[in-house]
Amino acid sequence: MVKLISVLMAAVLVNNYVLRQFLGICPFLGVSKDLKSATGMSIAVIFVMCLATAVTWCIHMYLLVPRGMEYLQTVVFILVIAALVQLVEIALKKNIPALYRALGVYLPLITTNCAVLGVTIANLDRGYGFAESMVNALGSGLGFFLAMVIFSGVRYRTETSEPPKPFEGLPLTLISASILSLSFFGFNGIVENLFGG
Amino acid sequence: MSKLSNLTRGIIRENPVLVLVLGTCPTLAVSTQASNAVGMGLAATFVLVCSNIVISALRNIIPDKVRIPCYIVLIAGFVTVVQMVLEAYAYSLFKALGIYLPLIVVNCIILGRAEMFANKNRVIDSALDGLGMGIGFTLTLLVMASIREILGGGTWFGMPIPWLRDNGISVLTMAPGGFIVFGCLIALVNKIMDRKRNPKDKGYCVGCPSADTCSKFGMGGEING
């Protein structure tokens, strides 16, 4: 249990996917303009990350490894994620229209989101078991959510500011992201201190 | 002339990273060391050229409705080839690139060029376009990695630089340094090119394969807005 909590804390705060590992930068920069779409996108990412991890972990362990086909990992994972996103979209549209209206927009954008493929591969690279993988996926998604929500607040301020002309738009956004990333350095060592290692 | 412009376009005028702003994730992540940056750039260039050639050759065969999944499978296949070759012949680079190597699959430069160029143009033009974009990507990565490695770590391609070795700005080699160097580089390119953007211009998202979906819902397409 302690191990799982430490995996979760590490994924949300210390190894934040966006701010420390640079995964999922495109939605971080593109969709963080207002709080509503930032929240919607993040919830869709958390949902797909957990689902994709559950499916790909099982496929890897029970289909690829016994047949010695680990080299197909990349091809299989991206296909599974793409198919999964489509299925979820169809299922939501049919069964839970309210949820579809809230999240449906963001789902097609997630297929090519490197954070989702990244988390499924990272889980296997680190040799996580099923429970740890799921917790890591949840934590990575929550970390994405945290970064998006904080950053949409920052964007709200930078949008109305007047920087020098060449810095308008993306450069200013990136430099604000740099400062946010620097502030996350404050969490360094938190897991070691709380859980002894 | 037009063939030449297919090649050179990607290097400066439509530089995939600094002008089209695609492939930001690997750019920020592997630009801590010049040697990793070159390795990543060459790996992506190989995938880009191969996928552009095959997609362009098959452009009349692949049905329009399932083209994106087809492209992704093709690209993933070439990425797997690169992974296996690097694991066999350049193991240290394979380890250094780590998770970012399989993530070439979802690098928007590659899917973006397939969607924007290779499925409309002849094989030879697509190959040149892929090569040009790949060179542009590699050069940008090299410039960024050089800045970060020289100022941050005081080395270049692992060679120590006398005074900087002891006076590095170590934050540049860490995550915040990536964002700040990238931001300043884009600002520099804006300054040099003095781009006058049309307000209706879709801004930085023009090259992104998801741009259509985004703009349909009034998102994205306005990073610059």
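The values are calculated or read from the model by the stated rules, or taken from the named source; none is laboratory data. All values derive from a computational prediction rather than experimental measurement. Neighbour counts are summed over all protein chains in view; Cβ atoms, including those assigned to glycine, are modelled from backbone coordinates with ideal geometry. To get the accessible areas, we keep the full protein, side chains included, count just its heavy atoms, and leave off ligands, DNA and RNA. Shrake-Rupley method; radii C 1.70, N 1.55, O 1.52, S 1.80 Å.
Checked against (1) open to solvent by less than 40 Å² (accessible area, probe 1.4 Å); (2) under 25 Å from B:R9 (Cα atoms); (3) touching a Gly at 6+ places or on another chain (Cβ under 7 Å), B:V106 passes all but condition (3). A single member of B:L188, B:L151, B:L141 is part of a helix (DSSP H, G or I) and crowded, with 22+ Cβ neighbours inside 10 Å, and it is B:L141. Here B:G98 fulfils each of the conditions (1) under 18 Å from B:T24 (Cα atoms); (2) surrounded by 21 or more Cβ atoms within 10 Å (Cβ to Cβ) apart from (2).
Do we find that B:M144 is modelled with pLDDT of 80 or more and not charged (D, E, K, R) in this structure? Taking the combined requirement at face value, the residue satisfies it.
Quick check on B:I124: is it touching a Leu at 6+ places or on another chain (Cβ under 8 Å) and in contact (Cβ under 8 Å) with a residue 40 or more places away in the chain? The answer is no for B:I124. Looking only at segment A:38-45, decide whether some residue is at the interface with another protein chain (Cβ under 10 Å from one of its Cβ atoms) and within 11 Å of the chain's Cα centre (by Cα). Yes - at least one qualifying residue is present in segment A:38-45.
Residues that are within 29 Å of A:M61 (Cα to Cα) and of a type in the set (V, I, T) within segment A:121-171 comprise A:I121, A:V135, listed in sequence order.
The set of residues in segment B:154-173 being outside any helix (DSSP H, G or I) and over 30 Å from B:E14 (Cβ atoms) consists of B:G154, B:T155, B:G158, B:M159, B:P160, B:I161, B:N167, B:G168, B:I169. Evaluate the following for A:S32: is it modelled with pLDDT under 90, buried (at least 24 other Cβ atoms within 10 Å of the Cβ), within 17 Å of the chain's Cα centre (by Cα) and more than 13 Å from every other protein chain (Cβ to nearest Cβ)? Here the answer is no, as A:S32 does not meet what is asked. If you go through segment A:166-187 and pick out every residue that is open to solvent by 50 Å² or more (accessible area, probe 1.4 Å), part of a helix (DSSP H, G or I) and facing another protein chain (nearest Cβ under 8 Å), you end up with 3. Checked against the criterion of being outside any helix (DSSP H, G or I), open to solvent by less than 20 Å² (accessible area, probe 1.4 Å) and aromatic (F, W, Y), segment A:22-29 contains one or more residues that satisfy it. Taken as a whole, segment B:120-138 holds at least one residue that is farther than 19 Å from B:G77 by Cβ and among the small types (G, A, S).
Looking across A:V12, A:V18, one residue alone is of a type in the set (A, V, I, L, M), within 23 Å of A:F145 (Cβ to Cβ) and part of a helix (DSSP H, G or I). It is A:V12.
Considering B:I110, B:I68, B:I62, the condition of being closer than 15 Å to A:A82 by Cα and at pLDDT below 90 is satisfied by B:I68 alone.
Only helices (runs of 4 or more DSSP H) whose full extent lies in segment B:1-93 are considered here, and the ones with at least 1 residues that are small (G, A, S) and without any contact (Cβ under 8 Å) to a residue 40 or more places away in the chain are B:2-9, B:67-89.
Being among the hydrophobic types (A, V, I, L, M, F, W, C), over 25 Å from B:L22 (Cβ atoms) and modelled with pLDDT of 90 or more is not true of A:A102. The set of residues in segment A:138-163 that are farther than 18 Å from A:F28 by Cβ and within 9 Å of the chain's Cα centre (by Cα) contains only A:L138. Just give me the residues in segment A:1-24 being without any contact (Cβ under 8 Å) to a residue 24 or more places away in the chain and at the interface with chain B (Cβ under 9 Å from one of its Cβ atoms), in sequence order. Of everything in segment A:1-24, just one residue is without any contact (Cβ under 8 Å) to a residue 24 or more places away in the chain and at the interface with chain B (Cβ under 9 Å from one of its Cβ atoms), namely A:F22.
When segment A:188-197 is filtered for residues that are part of a helix (DSSP H, G or I) and free of Cβ contacts under 8 Å to residues at least 24 places away in the same chain, the ones remaining, listed by number, are A:E192, A:N193.
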